[in-house]
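One structure is given below, encoded as structure tokens.
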Amino acid sequence: MAPGSMTTRRKTARSSGGGGPSIGLDIGTANIVAYRNGQSEKGTQMEANAFFTVPSMPNTRKILEDKAVRFFEKDERLHILGNAAEEFANILGGTTRRPMEDGLVNLKEDDGIQVIQAILDPMVPEPAQKGQPLWFSVPGDPLDRNGAVLFNESIFKTYLKGRGYTPRPINEAMAVVVSELSDQHATGIGISMGGGMCNICFSYLSIPAVTYSIQKGGDFIDQTVGRSVGEPATKIKAIKEQELDLSVAPRNNIEHGLHAAYDDLFASLAESLARVLRGSDNVPRLNQALPIVLSGGTVLPPGSRERFAACLGEVDLPVRVAKVVQARNPLYATAKGAYMMAVAEDES
Ligand SMILES: Nc1ncnc2c1ncn2[C@@H]1O[C@H](COP(=O)(O)OP(=O)(O)OP(=O)(O)O)[C@@H](O)[C@H]1O
Ligand SMILES: [Mg+2]
């Protein structure tokens, strides 16, 4: 054997407790991200957490297979999965369905769990060595709904164990702190504003002292604006993602609605942060001012950071804020934090 290949083998064997390369997983209401390879993000995959159902005609299955579209068949219907589901919905003019709602698995959706597992299967290949740790994000308890997240966590733990991994949950907003505030000794407040919820974590030296969530996010914005202007939420979502700029004045009713919905979300978040931190016995008494890092797809429009910082200025926080920053890649930060935990475990 050439010396080079021995080195490679030894390195591979070291990674992730003797298994294959580390993976950090973020299972969100809107997107599932599997993060690999910290430097280039090249191996990272993101799939819409959605499906689109079509009747199973004699030819359809074969055509989808030939075109490498991912689906599974049930009761003479084909569920097209992930990003392909959104493409089909756009072309055929329907809407996708979601296995998750407000940050949690939607138990009213009969095939939901099967759909998520089918999306996850190719993103999380069975490990080279059984028992390899896999870090995945879990939401914090929604305010006033203690325990709501436990069932969710157990669904994914069972799935990952079945795949041959040792599942390791990490709070979604804590993962953002790990990813973005490593140069601050993982001390600060991480906020992930996603599709179904906003997750918040106050971390002191990498210890999640306070975590919670509110069940409002990008979907809430799409739905409330859609209702008030009489347009489908999918249309509002597309305009929001492609055109919205919160740093300039709105130009039409939809933009007025989007600005108002963002202000409502940011104000709810800032108020909840003040209320939860004031009411918690776990907030460390610190002299230093803390950074706040914003992440998740909902913070992508220009001007989000400044608008949220302005809302924070309106509330009475029990800690001083040094700065509000945006994550380097808001759609990947949670999965990257989970990945970094896997690498840290591997090196310890
Ligand atoms: N460019 C953009 N501008 C505004 N919003 C965006 C943009 N891109 C994505 N979004 C919104 O971000 C949300 C998805 O973000 P993300 O992937 O962080 O959520 P998630 O992790 O799947 O959900 P959650 O954490 O709530 O379970 C959606 O509401 C989507 O419309
Ligand atoms: Mg998320």
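Rule-based calculations on the coordinates, nothing more; no lab input. All values reported here derive from a predicted model rather than from experimental measurement. FYI the Cβ positions are ideal-geometry reconstructions off the backbone, even for glycines, and counts take in every protein chain you see.
Mind checking the dipole of the chain: about its Cα centre, +1 per Lys or Arg Cβ, -1 per Asp or Glu Cβ, Debye to the nearest 20? Write out the running numbers ahead of the final one.
On the way: 36 positive and 40 negative charges, 196 e Å.
In debye, rounded to 20, the chain gives about 940.
Neighbouring Cβ atoms within 10 Å as the yardstick, rank Ser179, Ser247 fewest first. Each step should come with its number before you reach the end.
Numbers: Ser179 28, Ser247 11.
The order, fewest Cβ neighbours first, is Ser247, Ser179.
What does DSSP give for region 182-326 in terms of the percent of beta bridges that are antiparallel, rounded to the nearest 5?
Just about 60 percent of them are antiparallel.
For region 163-228, what are Rg and Dmax over the alpha carbons, in angstrom?
Considering region 163-228 through its Cα atoms, Rg and Dmax are 14.7, 48 Å.
Tell me, what HN-Hα J-couplings in whole Hz come from the Karplus equation 6.51 cos²θ - 1.76 cosθ + 1.60 at θ = phi - 60° for each residue of region 302-308, using x for Gly and Pro?
In residue order, the calculated couplings are x, x, 4, 4, 5, 5, 5 Hz.
What is the magnitude of the charge dipole of region 182-326 about its Cα centre, with +1 placed on the Cβ of each Lys and Arg, -1 on the Cβ of each Asp and Glu, and no other charges, expressed in debye to the nearest 20? Before the final figure, lay out the partial values.
Values: 13 positive and 15 negative charges, 47 e Å.
Using only the charged Cβ atoms, the result is roughly 220 debye.
For the chain, what does the relative contact order come out to in percent, with C-alpha contacts under 8 Å and a separation of six or more?
Working: 679 pairs, mean separation 66.4, N = 348.
Relative contact order here is 19 percent.
Helix-derived [θ] at 222 nm for the chain: sum -39500 (n - 2.57) over DSSP H runs of at least 4, divide by residue count, nearest 500?
Details: 11 runs with 141 residues, N = 348.
Only helices count here, giving -13000 deg cm²/dmol.
Where the centre of each part is set by its Cα atoms, how far does region 109-164 sit from region 293-348, in angstrom?
Distance between centres, Cα-based: 23 Å.
Tell me which residues come under 5 Å, amide H to amide H, from Leu78 once H is placed; ignore anything under 5 positions away on its chain.
Under 5 Å from the amide H of Leu78: Val54, Ser56.
Got a sec? Charge dipole of region 196-348, +1 on Cβ for Lys and Arg, -1 for Asp and Glu; which of Pro232, Met341, Ile292 is way out at the positive end?
Ile292
What is the sum of charges, Lys and Arg at +1 and Asp and Glu at -1, for the other residues whose Cβ falls under 10 Å from the Cβ of Pro55? Please report the intermediate quantities before stating the final value.
Numbers: positive: Arg77; negative: Glu76.
Result for the local shell: 0.
Packing-wise, with mean Cβ within 10 Å as the measure, how do 319-326, 214-221 rank, highest first? Don't jump to the answer; show the numbers that get you there.
Numbers: 319-326: 14.9, 214-221: 23.4.
Ranked by mean Cβ neighbours within 10 Å, highest first: 214-221, 319-326.
Quick one: what does P(r) look like for region 182-326 with 10 Å bins over all Cα pairs, in whole %?
Going from the shortest bin to the longest, the percentages are 11, 42, 30, 14, 3.
May I ask you to order 258-269, 305-316 by the average number of other C-beta atoms within 10 Å around their residues, highest value first?
Values: 258-269: 19.7, 305-316: 15.5.
Result, highest mean Cβ count within 10 Å first: 258-269, 305-316.
Based only on other Cβ atoms within 10 Å, what is the fewest-to-most ordering of Glu347, Glu65? Display every interim value, and only then the final one.
Values: Glu347 8, Glu65 11.
Neighbour counts put them in this order, fewest first: Glu347, Glu65.
Give the percent of DSSP beta bridges with both residues in the chain that are antiparallel, rounded to the nearest 5.
Details: 33 of 52 bridges.
Taking every DSSP beta bridge within the chain, about 65 percent pair in antiparallel fashion.
Based on the Kirkwood radius over alpha-carbon pairs, what value in µm²/s does the Stokes-Einstein equation return for the translational diffusion coefficient of the chain at 25 °C and 0.890 mPa s?
Values: Rh = 21.2 Å.
Reported coefficient: 116 µm²/s.
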